[in-house]
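The values are calculated or read from the model by the stated rules, or taken from the named source; none is laboratory data. Owing to the predicted nature of the structure, the values given are computational and were not obtained by experimental measurement. For neighbour counting, all protein chains shown are included, and Cβ atoms are generated from backbone atoms with ideal geometry for every residue, glycine included.
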Amino acid sequence: MTGDPDPSAAIDKPPDQQTQRRDHPPDQRPNRRTVLGALGLGTVGGLVGGAAAGAAIAGRGSPATGTATGTTMGAADNLPPTQRVTVESWRATRGQHYFIAHRGSGDVYPEHSLDAYRAALGAGAQCLEISVVATSDGQLICQHDLTYDRTTTATGRAATQPSTILRSVALRAPQLGPAWGENPLPRIALLADALELVRNRAVVCLEAKDDDAYPATIAMAERLGMRDSVIIKAFHASHRIAEAKKAGYPVFAYFGVPADITASNMASLATLLHPDSDYLVIPAYDSTTPHGYLAAEALRRCLDTTIPVWVYPVHRRVDAVHFFSQGVAGVVTSSYPYVTSSVPSATADSWKYRAIAPGEMSRDPASATWAPTWQDPDQLALAVRGGQHFMTLGQLSPISAAQGSYSITFDAAFQTMPSDSSANITLAFGHTDDRYYEHQLGASTGYHAIQRADGRLELYAHIAGRTAGIPLGTAQQLPAPRPGEWMSFRLDVTPTTLAWSRDVGGSWTTISATDRRIRGGYVHIGRSSHDGTAAFRHLAITAA
């Protein structure tokens with residue numbers, strides 16, 4: 001995508017380094033703590049990787065106690081005032097743009113869990129969004145929905161059930177991988193534990209989703225000495241906005257859907273907010289627009305208020321770049337470690353850990369429908385029916401050697417054959433950003449190397465704005481894949497050449513092309529068919 005902005009130019013870029021996944025003995029199945037460590041996540045207060053990061057994900061609050069069991073945040077009370085993160089200090093030191101961790105980092109961890117909050121803090125987040133509901137006996141818990149159904153093993157409204165049920169309720173997030181569905185299951189976070197974890201280390205955008213819980217929520221934050229580090233989050237039509245302003249709190253006022261951003265709603269809200277203290281927060285995406293972003297007219301209406309505008313829930317680096325270029329001041333991101341580039345690019349997949357890595361994204365990272373599955377511990381399968389299924393491998397991107405020479409090796413298989421014999425398994429590469437890729441989508445520029453179900457091995461370029469690929473080299477007719485047959489592939493890229501190869505019985509067949517037009521460091525895998533299942537394993541990137 002020659003001429004497109006490099007997302008890393010607008011977002012703080014990590015040191016040019018890569019992390020390797022650590023192997024485990026064959027008979028040892030990694031637990032979730034090991035998974036989090038292997039994904040390169042940090043402890044509270046600083047970015048660390050590997051086992052140290054995993055060890056930081058230890059404690060959880062005990063249900064229905066309100067105590068900060070398992071957290072070791074006592075040192076926060078002893079921080080000098082100059083080191084405490086307050087709204088004022090965050091505004092003064094945030095740099096050019098705001099980044100806010102959405103639901104902790106709900107694209108990668110169970111939303112509003114202590115694991116999610118810890119990961120965001122470990123990645124350097126200085127502002128987190130926390131939602132609150134109350135049980136029938138007044139226990140305050142961290143949760144977006146008023147009901148338990150979507151995100152936990154329980155059902156029904158939280159407000160009609162006592163806190164005693166929390167002892168037997170766990171969070172569930174099937175879209176994040178099976179590692180999150182095993183013992184010890186992550187528990188619903190108590191607000192007391194979450195605030196004890198975050199206080200003095202980050203600003204909290206605090207919202208009582210259950211309006212009746214608002215007084216107790218604010219009282220708890222004030223009791224913990226957090227008045228100067230809380231931003232009140234409220235729906236644009238909520239009476240709590242005026243109440244919060246009267247009490248001296250800054251306000252995070254949000255619109256739930258694009259259709260709410262009308263001239264009359266905007267005029268009403270603008271009279272309550274102040275550009276020096278408050279924030280106008282709007283949806284980033286609109287499925288009714290051709291490009292999928294919020295309509296330019298609605299965005300301009302918000303920007304014209306002069307109140308700082310944030311968008312949510314940003315999943316991709318390219319989306320952050322887009323909105324910053326439009327004049328947006330901040331992004332509320334569901335993948336904080338990835339979008340802010342605070343986690344270095346890896347050189348190998350982490351599929352053996354059976355959990356989504358930061359930056360590993362389907363078409364809709366928040367949807368269980370588009371989530372990959374794990375057929376075996378180290379095999380990622382793409383099996384959505386009724387459409388192509390691709391994954392952006394942001395955790396491996398940008399490849400540090402994208403402008404030089406590198407190789408990508410992996411195994412792939414049609415676990416279930418597609419009905420269309422011309423459908424293919426794909427490695428897309430050479431992209432300058434992480435926007436979603438599908439065949440003939442016409443959204444990006446790069447290359448795609450494919451293995452068709454009928455045996456044809458092919459190599460193409462694709463150009464933004466054009467749906468048809470450009471053939472490179474001569475297609476090779478190889479034995480057609482059989483269901484469940486693993487095939488080994490290799491891609492070799494130099495500044496001037498491309499080589500796409502498949503191993504057949506110990507002999508490599510290669511398509512070569514001299515092509516230097518496109519170079520970028522983002523990669524994708526997927527299948528082009530509307531049915532069938534493609535599986536991948538052992539993907540690694542090696543710089544020459």
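Scanning the stretch 143-173 for residues that are part of a helix (DSSP H, G or I) and touching a Phe, Trp or Tyr at 6+ places or on another chain (Cβ under 7 Å) turns up just one, Ala158. Can you name every residue in the stretch 270-296 that is in a helix (DSSP H, G or I) and within 30 Å of the chain's Cα centre (by Cα)? Correct list: Ala296 only.
Selection of the stretch 189-208 for residues being at negative phi and either among the polar types (S, T, N, Q) or without any contact (Cβ under 8 Å) to a residue 24 or more places away in the chain (or both) yields an empty set. Of all the residues in the stretch 280-310, those that are over 15 Å from Phe252 (Cα atoms) and β-branched (Val, Ile, Thr) number 2.
Pairs are defined by a Cβ separation below 7 Å, a sequence spacing of at least 6 or placement on different chains, a first member in the stretch 499-517 that is in a loop (DSSP other than H, G, I, E, B), and a second member that is at pLDDT 95 or above; the pairs so defined are Asp515/Ala461; Asp515/Leu472; Asp515/Leu498; Arg516/Pro495; Arg516/Thr496. For beta carbons closer than 6 Å, sequence separation of 6+ or different chains, a first residue in the stretch 403-416 that is under 11 Å from Ala535 (Cα atoms) and a second that is among the acidic types (Asp, Glu) and modelled with pLDDT of 95 or more, the qualifying pairs are Ala413/Glu485. Inclusion of Ser400 among residues that are at pLDDT 95 or above and touching a strand residue (DSSP E or B) at 6+ places or on another chain (Cβ under 9 Å) is not warranted. Scanning the stretch 358-393 for residues that are over 18 Å from Val523 (Cα atoms), under 12 Å from the mean Cα position of the chain (by Cα) and either at pLDDT 95 or above or of a type in the set (S, T, N, Q) (or both) yields a single hit, Ser367.
For Asp319, the conditions (1) surrounded by fewer than 22 Cβ atoms within 10 Å (Cβ to Cβ); (2) acidic (Asp, Glu); (3) not assigned by TED's automatic domain parsing to the domain that holds Gln440 all hold with the exception of (1). Among the residues of the stretch 470-494, count how many are of a type in the set (A, V, I, L, M, F, W, C), without any contact (Cβ under 8 Å) to a residue 60 or more places away in the chain and either touching a Cys at 6+ places or on another chain (Cβ under 6 Å) or not in a strand (DSSP E or B) (or both). Looking only at that region, the number is 4.
Close contacts from the stretch 116-127, counting a first residue that is farther than 19 Å from Leu171 by Cβ and touching a residue at least 40 places away in the same chain (Cβ under 8 Å) and a second that is part of a helix (DSSP H, G or I) and aromatic (Phe, Trp, Tyr), with Cβ to Cβ under 7 Å and a gap of 6+ residues or different chains, come to Ala123/Tyr336; Ala125/Tyr336; Gln126/Trp90; Cys127/Trp90.
The condition (being buried (at least 21 other Cβ atoms within 10 Å of the Cβ), assigned by TED's automatic domain parsing to the domain that holds Thr416 and either under 25 Å from the mean Cα position of the chain (by Cα) or not aliphatic (A, V, I, L, M) (or both)) is satisfied by just one residue among Arg517, Arg527, Arg490, Arg537: Arg527. The sole residue among Ser407, Ser419 that is out of contact with any Pro (no Cβ under 7 Å at 6 or more places or on another chain), surrounded by fewer than 23 Cβ atoms within 10 Å (Cβ to Cβ) and assigned to a loop (DSSP other than H, G, I, E, B) is Ser419.
Is there a residue being surrounded by fewer than 19 Cβ atoms within 10 Å (Cβ to Cβ) and more than 28 Å from the chain's Cα centre (by Cα) anywhere in the stretch 200-212? Yes, the stretch 200-212 contains a residue that is surrounded by fewer than 19 Cβ atoms within 10 Å (Cβ to Cβ) and more than 28 Å from the chain's Cα centre (by Cα).
Among the residues of the stretch 440-480, the ones that are among the basic types (Lys, Arg) and farther than 12 Å from Asn424 by Cβ come to 1 in all. Exactly one residue out of Ala413, Ala428, Ala381 is closer than 21 Å to Gly469 by Cβ and not acidic (Asp, Glu): that is Ala428. Considering the stretch 119-140 alone, what residues qualify as being of a type in the set (A, V, I, L, M, F, W, C) and either in a loop (DSSP other than H, G, I, E, B) or over 23 Å from the mean Cα position of the chain (by Cα) (or both)? Correct list: Ala123, Ala125, Val133, Ala134, Leu140.
Apart from one condition, Val318 fits all of (1) over 16 Å from the mean Cα position of the chain (by Cα); (2) under 15 Å from Tyr436 (Cα atoms); the exception is (1). Among the residues of the stretch 251-263, some residue qualifies, meaning at least one is assigned to a loop (DSSP other than H, G, I, E, B), of a type outside the set (Lys, Arg), in the same structural domain as Ile130 (by TED's automatic domain parsing) and free of Cβ contacts under 8 Å to residues at least 24 places away in the same chain.
Could you say whether any residue in the stretch 435-449 is more than 27 Å from His291 (Cβ to Cβ), among the aromatic types (Phe, Trp, Tyr) and either in a strand (DSSP E or B) or assigned by TED's automatic domain parsing to the domain that holds Arg317 (or both)? Within the stretch 435-449 (the criterion being more than 27 Å from His291 (Cβ to Cβ), among the aromatic types (Phe, Trp, Tyr) and either in a strand (DSSP E or B) or assigned by TED's automatic domain parsing to the domain that holds Arg317 (or both)), the answer is no, since none of the residues qualifies.
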